[in-house]
Amino acid sequence: MQRLTIDLGDRSYPILIGPGLIDDRAVLAGAVEARDVLVVTNEVVGPLYLDRLVRALEGKRTASLLLPDGEQHKTLEVTGRIFDALVTARMNRDACVVALGGGVVGDISGFAAACYQRGVDFVQVPTTLLAQVDSSVGGKTGVNHPGGKNLIGAFHQPRAVVSDTATLSTLPVRELRAGLAEVIKYGLVADRGFLDWLDASLPALLALDPAALAHAIRRCCEIKAAIVAEDEREHGRRALLNLGHTFGHAIEAAAGYGEWLHGEAVGVGMLLAADLSHRLGWVGDADVDRVRDMLLRAGLRAEAPPIGASRALDLMGMDKKVLAGRIRLVLLESLGTGVVSGDYPAEALRSTLEAYFGRAQ
């Protein structure tokens, strides 16, 4: 087992990475301190891992809730079912919500934990690559709104993140590929050496090589841990971790939540960010081609849906990084170095949007 720490003073917490952690009673006893526990999972992950996790939580008063699977269920209505389960089980402020699943389960469970009785403990047990490298770490929680992704939410740090890498063996190939988009993101914005390693290691990662996966997960978490410790609430550098997300969220909202996986949309969004960076003279043609090639070799999409530039721009205008009406984007000064900027010519952004989304819907 590998251990990292998110350093947030008295709210610091560990990230534990390794195989078999879901069955490790000692690990879970250290991560989940509360006596009363609600395990929230979904109809896909629950049949695989819920009973094992509950057994490992032996000695605690445990209830569980199975939610429907998919981004389209990341809503206030579905989150209400978590509140109902907590009330039905008569859980109080000393309870803990444990999220067993991917990013959707983690986001809505964390949001419910942030709100219930003004905040209860929360532990992440992520079972997808995307969640293990990104969404389970850093305390962002929330739900979607028809007007945009993650518009309703809260910062609520978990007490621990327990990443059992063995769960990736049951992950559908499409979900694995979607998670790789977020892995590539870390290399693009923060670590050229890691990006080069990824370029060479994509076959091993797709083949679920344990050593390659462990290295990728740890490095992503190391990068995120450092950034979150510096900028917990995304007032500055943490926004770098949103490379591709402003474009990607527009794709998800326009196509309908669930039609595109989050990582798939982010992957295309990273290609648009590279394209705009090229139009600004920051990266070369070969750099854009390399981003496209890595996406394709990871089994991801490299074409945006034809929703039209105007529709895309309208949806991007609801992004949380918009300030004073200006869309701030995460762009690339070079491969391995990201920058957050609202200082770009409007016509350059328009050209990128038209090139990928088309001129009209």
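Using the Cα coordinates of segment 141-240, the gyration tensor eigenvalues translate into equivalent-ellipsoid semi-axes of 25, 18, 14 Å, sorted from longest to shortest.
Sorted largest first, the principal axis extents computed over the alpha-carbon atoms of segment 310-357 equal 30, 26, 15 Å. Under a 5 Å amide H cut-off, with hydrogens placed 1.01 Å from N, Arg328 pairs with Val322, Leu323 among residues at least 5 apart or on other chains.
Placing a pseudo-label 7 Å from each Cα along the Cα-to-Cβ vector at Asn92 and Trp197 gives an inter-label distance of 4.7 nm. Let me confirm the definition first: pairs of Lys residues in the chain, 8 or more apart or on different chains, C-alpha distance under 15 Å. How many are there? For the chain, the number of qualifying lysine pairs is 9. When the Cα atoms of segment 199-314 are aligned to their principal axes, the ranges along those axes come out at 44, 35, 34 Å in descending order. Look at the Cα gyration tensor of segment 1-157: its axes a ≥ b ≥ c give a/c under 1.5, and that counts as rounded. Restricting the GluC sites (Glu not before Pro) of segment 236-343 to loop positions (DSSP other than H, G, I, E, B) with no more than 11 neighbouring Cβ atoms within 10 Å leaves Glu303. When the Cα convex hull of segment 139-187 is projected onto planes of every orientation, the mean area is 5.1 nm². At an R0 of 51 angstrom, the distance between the Cβ atoms of Leu151 and Ala207 translates into a FRET efficiency of 0.85. Could you give the distance between the Cα centres of segment 275-318 and segment 150-223, to the whole Å? Value for the Cα centre distance between the two parts: 21 Å. Our compactness index for the chain, the C-alpha radius of gyration over the empirical 2.2 N^0.38 Å, is 0.95.
Note on segment 2-170: antiparallel DSSP beta bridges, both residues inside, total approximately 30 percent of the bridges counted. Here the scattering of segment 68-141 is modelled by Debye summation over its C-alpha atoms, one equal scatterer each and no solvent; at q = 0.11, 0.19, 0.24, 0.25 Å⁻¹ the log10 of I(q)/I(0) is -0.24, -0.72, -1.09, -1.17. Nearest-5 percent of antiparallel DSSP beta bridges in the chain? Just about 40 percent of them are antiparallel. For segment 275-324, rounded, prolate or oblate, judged on the Cα gyration tensor with a ≥ b ≥ c (square roots of eigenvalues), a/c < 1.5 rounded, else prolate if a/b > b/c? Verdict is oblate for segment 275-324.
Throughout, read-outs are computed from the coordinates displayed, never taken from laboratory work. Just so we're clear, the structure is a prediction, and the values are computed from it rather than from any experiment. Neighbour counts are summed over all protein chains in view; Cβ atoms, including those assigned to glycine, are modelled from backbone coordinates with ideal geometry.
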